[in-house]
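Accompanying notes for the structure given below.
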C-alpha cells in the first residue's frame, strides 16, 4: 500500500530553510523564557584562552549547557568550580550551529548554605592533609610590636574599632592595607595584601609590620566566603609575619582562622591580643620590681650571715703576721752569722785535706814507673814470643813484624801521653824559671794585689821552697816592660 501523503495535503505545510527554522526556534525560546534562574551542579567546566568559560548544569534527570562570556567573568559574584551546586542567572538561547540550546550566564550564586558548607569542608580537608593547619606551624606573637599591619576595608567600622582599642591600650603605629572584604575579587585582594606586607623589606621607607591583623565584621556565610577561598588561606599560612584572623562574630568560623597564628572572635579582640595594655604592663613591671628587690635583700642577708659565720672561724691574722715577721727577722739574723761560719769551717776542712793530697811529681813518677814496668813486661813477652817462634816449626813461616809494629805504635802513643801529662804539670812550668807564691795558709796567690803588706809567703821553685816576707810597697807594673804571666795552675 502506498503511504505517500496526497499532494494537496503537503502543499499547506510551510517550508523553512535550516537557518530560518533555527532563528524561529531561538526567538520563540528567548521570548517564552527571557531571564531565568537555574539550579544545578557545575560539570564539564572548561576555560578557554579567549577568556570565555563553558560549562554544564546538571541534576538527577537532565543537563543544560551554559556559557559565560569573557566580559561577564569578573562580575559573576563567585568563581565557578567543578562539582559545586549553584544558582545561575541568565538568558536561554540557542546555538544554531549544533542545534543546541544553552544558558548565557551573567551571575552565579551558591545554592544555599549546604552547598557552601560542603565546598568549605572539602577545601578544609584538602588543606589539612597538606599540613597547613598543623599546630607546629603556629608562631608566637611579639610582646610589644612597634608596627601593626591591618588588612580590612577602609570604610567599615572594623578599622575604627581596631584603631580605638590600640590607642586606648598602648598607642602603636598602624598601617592599613585597604581591600574589599566581599564580592568579586575580594579574595585576590586579601591574599595580595597579606603577601604585600610580608614582602616589605626591613628598614625600608614603609616599615615592615611585626604582626598582621586580617579583620572583617559579621555577615552571612556568603559574605564571608572571601576568607574561605584557597588563595587567602594559603597566603595566611605562608605569611612570614605572625598573623591574627578576626573575621565575623564570635560564632563565625572561616578557613583563614585555621591557617592563622591566632584567632580572635572579633576585630576588637584581635587588637587586644596584638598589643598588651599599658596599665597591665606597668603593674607587671612593678610586681616584678618588688619581687626582685625582695629577692635581692634576701640574698644579701644570707650572704651577710654566711660572712659573719666565716669570720668567726678565721684565725687572728694580725697576730699570725706578727709571729711570721718575727720568725723571718730571726732567720735573717741567723743566716748572716751562719754564712761566715760555714765558710770558715769549709776553709779549715780544706786546709786539713790539702797536706794529704799526693804531689803531682809523685803521681808522674808513679805513672812513669808503671809505664817502665809495662815496657819491661812487653819486652819480656816479646823475647818469649821470639823464642816460641824459633822453637815452633809450624809457626816458622809466620813473621813477627806485625807484633813489633803494634808494640811500636803503642810505645809511641804511650810516650805521647807521657809528654802531654808532663806539659800540664806545674813542675814543668817551674823548670822554665817561674815560681809558685803561697800565703801562710798554703793558698796560691795569683795577683800582687792579693799579697797582704808584711805577710809571710812561701816561694816554690823547681828545686825547692823558701820563705819570704812582703815589704808592703805598692806593686807597680808597666804593660810595655813586664809581660803578663799566666796562672800556674
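Taken as a whole, the structure leaves residue 350 outside the set of residues that are assigned by TED's automatic domain parsing to the domain that holds residue 454, within 30 Å of residue 451 (Cα to Cα) and modelled with pLDDT under 85.
Matching residues to (1) in a loop (DSSP other than H, G, I, E, B); (2) free of Cβ contacts under 8 Å to residues at least 40 places away in the same chain; (3) within 30 Å of the chain's Cα centre (by Cα); (4) exposed (fewer than 14 other Cβ atoms within 10 Å of the Cβ):
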{"site": "122", "(1), (2), (3), (4)": "no, yes, no, yes"}
{"site": "127", "(1), (2), (3), (4)": "no, no, no, no"}
{"site": "136", "(1), (2), (3), (4)": "no, yes, yes, yes"}
{"site": "143", "(1), (2), (3), (4)": "yes, no, yes, yes"}
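Would you confirm whether or not region 196-209 contains a residue that is buried (at least 22 other Cβ atoms within 10 Å of the Cβ), modelled with pLDDT of 90 or more and assigned by TED's automatic domain parsing to the domain that holds residue 254? Checked against the condition, which is being buried (at least 22 other Cβ atoms within 10 Å of the Cβ), modelled with pLDDT of 90 or more and assigned by TED's automatic domain parsing to the domain that holds residue 254, region 196-209 yields at least one hit.
Hey, does region 265-288 have a residue that's under 30 Å from residue 109 (Cα atoms) and surrounded by fewer than 23 Cβ atoms within 10 Å (Cβ to Cβ)? Taking every residue of region 265-288 in turn, at least one turns out to be under 30 Å from residue 109 (Cα atoms) and surrounded by fewer than 23 Cβ atoms within 10 Å (Cβ to Cβ). Based on what the data block shows, is residue 370 assigned by TED's automatic domain parsing to the domain that holds residue 414, modelled with pLDDT under 85 and assigned to a helix (DSSP H, G or I)? It is false that residue 370 is assigned by TED's automatic domain parsing to the domain that holds residue 414, modelled with pLDDT under 85 and assigned to a helix (DSSP H, G or I). When region 169-189 is examined, which residues are found to be within 14 Å of residue 277 (Cα to Cα) and touching a residue at least 24 places away in the same chain (Cβ under 8 Å)? Of everything in region 169-189, those that are within 14 Å of residue 277 (Cα to Cα) and touching a residue at least 24 places away in the same chain (Cβ under 8 Å) turn out to be 169, 170, 172.
The strands (runs of 3 or more DSSP E) found wholly in region 11-112 and carrying at least 2 residues that are exposed (fewer than 13 other Cβ atoms within 10 Å of the Cβ) and modelled with pLDDT of 85 or more occupy 35-47. A search for C-beta distances below 6 Å between a residue of region 277-302 that is closer than 27 Å to residue 170 by Cα and any residue that is surrounded by 10 or more Cβ atoms within 10 Å (Cβ to Cβ), counting only pairs 6+ apart in sequence or on different chains, returns 277/169; 278/170.
Can you find a residue that is surrounded by fewer than 16 Cβ atoms within 10 Å (Cβ to Cβ), modelled with pLDDT under 85 and over 45 Å from the mean Cα position of the chain (by Cα) anywhere in region 159-174? For region 159-174, residues surrounded by fewer than 16 Cβ atoms within 10 Å (Cβ to Cβ), modelled with pLDDT under 85 and over 45 Å from the mean Cα position of the chain (by Cα): absent.
The values are calculated or read from the model by the stated rules, or taken from the named source; none is laboratory data. None of these values were measured; they are calculated from a predicted model. Positions of Cβ are generated from backbone atoms using ideal geometry, with glycine treated the same way; all protein chains shown enter the neighbour counts.
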